[in-house]
Structure formats: C-alpha cells, structure tokens
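Student: Here it is, the structure in full.
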Amino acid sequence: MVPTTTTTTKTDTAALAARLRLAVTRLARKLRREAEPGISPSMLAALSSVDRQGPLTMSELCVVEQVQPPSMTRIVAALVDVGLVSRESDPSDGRVAWVTVTPQGRKLLDRSRGRKEAYLAKALRDLEAHELETLEEAAAILEGLTGGQP
C-alpha cells in the first residue's frame, strides 16, 4: 500500500506557507524603508534588474520585471529624468531602445544595498549562533525556491 499524505501534514505545510509569506512580506517592507529615499520600489526594481543583467532592451526589461510596456516606459522615463539610467536607440534598429545604468545609478544602488544590508546585519548581531545557522540554511532554501543565487 502506498503511504498517503495526512491532513495534518497538509495543514502544517499550509500554516508554514502562511507564516513564511507574512514574515517575508514584513521583512521586504522593512527593507524598502531602508532603501534610498525618493525612488519608488518599481524604479528601484527596474534599476536593479538593468544593473544585474547588463544593458537590456525595453522589451527584455518588461519581461524581467513582469510589467506591461506602457508602465515600463513611465518607469524608465522617470529613471532617465533623475539620471539613473540612459536610454539609447539601437543603431541598427531604431525601434529598439537599450537601457543602461549610469554611474549615478550604480552609486545609488550601492548605497541602497549597503543601507539594507547594514539594517539586516545589525538585526542579526542579536541572534544566537544556532539561530544564525538556521537562517543560513533557510537562506539557501529560499534561494532555491526563488531560483535566486547569493
């Protein structure tokens, strides 16, 4: 006979999923507060994607950020206006626009990441060694779940 999953396991998994969702949401909210003032979360996300993945076309950026073209056009225009990215037409196809992070954009990202990491590092200093080990394991698991890398 094949063992079946019990209701208790399903309930525990559902409860864990709910706790994780809430904890991750709260942590993300706290980290957003530590981000650079004056830049929206959407702008920061797009800027980070362009920084991580190199110059991207507007179409590629829409796919990466899962945003419709009109919304991305507004986001990129705002980033261009404050000097955080440049938007250049492709020399071989004028219909294609490439988005690149400027040195000012890279500095802002470094500063924002530094603030967020400092916030977390300060919070982690108060934890016990076994708690830090647990978080180390949890970080690896979360990276696997999200397809992310350190």
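Derivation of every value follows stated rules applied to the coordinates shown; laboratory data play no part. Remember, predicted model here, so these are calculated numbers, not experimental data. Neighbour counts are summed over all protein chains in view; Cβ atoms, including those assigned to glycine, are modelled from backbone coordinates with ideal geometry.
Student: Using the Karplus curve 6.51 cos²θ - 1.76 cosθ + 1.60 with θ = phi - 60°, work out ³J(HN,Hα) for each residue of the range 89-97 in order, rounded to whole Hz, and write x for Gly and Pro.
Tutor: Once rounded to whole Hz, the list reads 6, 5, x, 9, 8, x, 7, 9, 10.
Student: Check THR57: other-chain or 5+ apart residues with amide H under 5 Å from its amide H, H built from backbone geometry?
Tutor: VAL99
Student: At 0.36 nm per residue, and after removing the present C-alpha to C-alpha distance, how many nm does the segment from SER59 to ALA17 gain when stretched out fully? Let's see the in-between values first.
Tutor: On the way: separation 42, 0.36 × 42 = 15.12 nm, distance 3.31 nm.
My answer for the length gained is 11.8 nm.
Student: Just report the Cα centroid separation between the range 126-150 and the range 55-75, whole Å.
Tutor: Measuring centre to centre over Cα atoms gives 31 Å.
Student: At GLU117 and SER92, where each label point lies 7 Å from the Cα along Cα→Cβ, what is the point-to-point distance in nanometres?
Tutor: Simple spin-label model gives 3.7 nm for this pair.
Student: While we're here: Filter the trypsin sites (Lys or Arg not before Pro) in the range 24-108 down to the DSSP loop ones having no more than 14 other Cβ atoms within 10 Å, then list what survives. Before the final figure, lay out the partial values.
Tutor: Numbers: sites: ARG26, ARG29, LYS30, ARG32, ARG33, ARG52, ARG74, ARG87, ARG95, ARG106, LYS107; in loops: none.
Those that pass, being in a loop and sparsely packed, number zero.
Student: Mean residue ellipticity at 222 nm from the helices of the chain, using -39,500 (n - 2.57) per DSSP H segment of n ≥ 4 over the full residue count, to the nearest 500 deg cm²/dmol?
Tutor: -23000 deg cm²/dmol
Student: Quick one: what are the phi-derived ³J(HN,Hα) couplings along the range 125-131, Karplus 6.51/-1.76/1.60 with θ = phi - 60°, whole Hz, x for glycine and proline?
Tutor: Residue by residue, the range 125-131 yields 4, 7, 8, 6, 4, 5, 5 Hz.
Student: Which aspartates and glutamates have a Cα less than 15 Å from the Cα of LYS116, not counting those fewer than 8 places away in the same chain?
Tutor: Partners found: GLU34, GLU36.
Student: Which angle between 0 and 90 degrees, to the nearest 10, do you get for helix 41-53 versus the longest principal axis of the chain when only C-alpha atoms count?
Tutor: 80 degrees
Student: A further question on this structure: Give me the one-decimal nm value for the distance between modelled label points at ALA138 and THR25, 7 Å along each residue's Cα-to-Cβ direction.
Tutor: My value for the distance between the label points is 1.7 nm.
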